[in-house]
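Please treat every number below as a calculation from the coordinates, not as lab data. Everything numeric here is computed off the predicted structure, so don't read it as measured data. Every residue, glycine as well, gets a Cβ built from its backbone with ideal geometry; the counts of neighbours run over all protein chains shown.
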Amino acid sequence: MKMIFAIVQDDDAPKLVNKLMQSGISVTKLATTGGFLRTGNTTLMIGIQDERVDAALEIIEHACKKRKQTAPIPIAMESMHGGAIAAGMTDIIVGGATVFVMDVDKFVKY
Ligand code: 2BA
């Protein structure tokens, strides 16, 4: 058994969860925050049999789109109030999905 952690954009999450559920793949949705942009994203926890991992990854790949976002460029300096100062704005490409696949030692439901 494996555990898939998929970090996706909030806009892609509802469609992705629907597709996974329609395929009989159980999923838990967590509201998370990216460390770089400090904006919301969604992390899905998917416990899955080894032989179904590729099918799940295919669904994730098709449901998640790359998007351009504008983010502040931080400079290595603190303001008088202790906050970071932005040197300007820059475009970055976010997503489609950042995925980790891990072995599960044990899976029980009580
Ligand atoms: P954030 O940390 O908010 O990052 C959003 C996007 O900002 C990233 O998209 C990337 O394009 C850019 N970015 C991140 N760190 C950067 C840096 N040090 N310099 C320049 N640009 C940077 P993605 O790579 O698609 O990541 C989307 C979200 O996935 C991330 O949101 C974070 O929540 C998660 N993530 C990505 N890599 C991860 C990792 N190795 N471990 C844990 N979470 C990760």
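Descriptive notes on the structure:
- Counted by Cβ distance under 13 Å from Ala71, the other residues give a net charge of +2, where Lys and Arg count +1 and Asp and Glu count -1.
- Evaluated at q = 0.10, 0.13, 0.15, 0.20 Å⁻¹: base-10 log I(q)/I(0), Debye formula over Cα of the chain: -0.39, -0.58, -0.70, -1.01
- The calculated FRET efficiency for Tyr110 paired with Met89, based on their beta-carbon distance and R0 = 41 Å, is about 0.25.
- Paramagnetic label reach from Leu30 (point 7 Å along Cα→Cβ; backbone nitrogen cut-off under 18 Å): within the stretch 91-110, residues 97-108.
- Our summary gives the chain a relative contact order of 35 percent, counting only alpha carbon pairs under 8 angstrom and 6 or more residues apart.
- Local electrostatic count, Leu57, Cβ distance below 15 Å [Lys/Arg +1, Asp/Glu -1]: -3
- Environment charge of Lys2, counting only residues whose C-beta is closer than 12 Å and scoring Lys/Arg +1, Asp/Glu -1: -4
- Distance (nanometres) between label positions extended 7 Å along Cα→Cβ at Met21 and Asp103: 3.3 nm
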